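Structure first, then comments.
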Amino acid sequence: MDWKPYEHNVKYYETDQMAIVHHSNYIRWFEEARVDWLEQVGLPYDEMERRGIIIPVLSVSAEYKTMTRFGETVRILPRLEKYNGVRMEVSYTVVNAGSGEVRCVGRSGHCFLNRDYKPLILKNTAPDYHAVFQQVYAACHREE
C-alpha cells in the first residue's frame with residue numbers, strides 16, 4: 001500500500017515578521033496531510049463523517065528543526081505510528097521538497113467517536129475501515 005507525500009506551497013500570509021513560517025501553520029499542515037493521506041488510502045474523511053465516525057485530535061506536538069520560508073514547497077510525510085481500533089497516533093515529517101532538508105517533525109493523537117461523541121471500536125462499528133487501518137499500519141512498519 002503506497003501513498004504520496006502531501007505537498008504544500010508556502011503562502012506569504014503563513015510567515016511572520018521574521019519572514020519565516022509561523023509555528024502554528026505546521027499544525028494546520030499536519031491536518032491537511034492527514035486528510036489527504038486518509039483519502040489516498042481509501043478512508044475519505046467526509047465519507048467517515050457521513051457514516052457517523054469522527055476523529056478528534058487528542059494531542060499534537062511539533063519539533064522545529066530548520067526554518068521554512070515563503071515560496072518554498074514542503075512535503076509532509078504522515079506515518080501511522082499506533083493503531084488499536086479505538087485510538088491512533090500519526091507522525092509527520094515536513095521536508096523541503098527540493099533539498100529534502102527536514103523542517104519539522106510532529107505527532108498527533110486521535111480517537112474514534114460517534115456522532116454523540118461516544119468512543120467507537122472500529123472493528124465492531126466499521127470493520128472495513130478497521131481492515132484498511134490495519135493494512136496501513138502494516139505498510140508503515142514493514143521495515144521494522
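Overview of results
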read-out	value
Most to least packed among 41-48, 84-91 [average Cβ atoms within 10 Å]	84-91, 41-48
Mean separation of Cα contacts under 8 Å (6+ apart) over length of the chain, as relative contact order %	26
Between the stretch 90-125 and the stretch 14-31, the alpha-carbon center distance in angstrom	18
Tail fraction, Cα-Cα pairs, the stretch 43-102, threshold 15 Å, whole percent	64
Spatially near lysine pairs across the chain, Cα under 21 Å, sequence gap of 8 or more or different chains	4
Helix-derived mean residue ellipticity, 222 nm - over the chain, DSSP H n ≥ 4, -39500 (n - 2.57), to 500	-8500 deg cm²/dmol
Projected label distance in nm at Lys82 and Glu101, using a 7 Å step from Cα toward the beta-carbon	3.3
Net length gained if the chain between Lys118 and Lys65 were fully extended (0.36 nm per residue, minus Cα distance)	15.4 nm
Point-charge dipole on Cβ atoms (K/R +1, D/E -1) for the stretch 31-136, about Cα centre, debye to 20	280
Cα-based helix-to-principal-axis angle, 127-140 vs the chain, degrees rounded to 10	40
Charge-dipole axis of the stretch 13-144 as Lys and Arg at +1 and Asp and Glu at -1 on Cβ define it, positive-most pick from Thr66, Leu80, Ala19	Leu80
P(r), alpha carbons of the chain - 10 Å bins starting at zero, rounded %	11, 40, 31, 15, 2
Residue-normalised accessible area of the stretch 16-76, given per residue in Å² at a 1.4 Å probe	56
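The values are calculated or read from the model by the stated rules, or taken from the named source; none is laboratory data. Nothing here was measured: the structure is a model prediction, and the numbers come from that model. Don't worry about glycine lacking a Cβ; one is built from the backbone with ideal geometry, like all the others, and counts go over all protein chains shown. Accessible surface areas use protein heavy atoms only, side chains included; no ligands, DNA or RNA. Shrake-Rupley method; radii C 1.70, N 1.55, O 1.52, S 1.80 Å.
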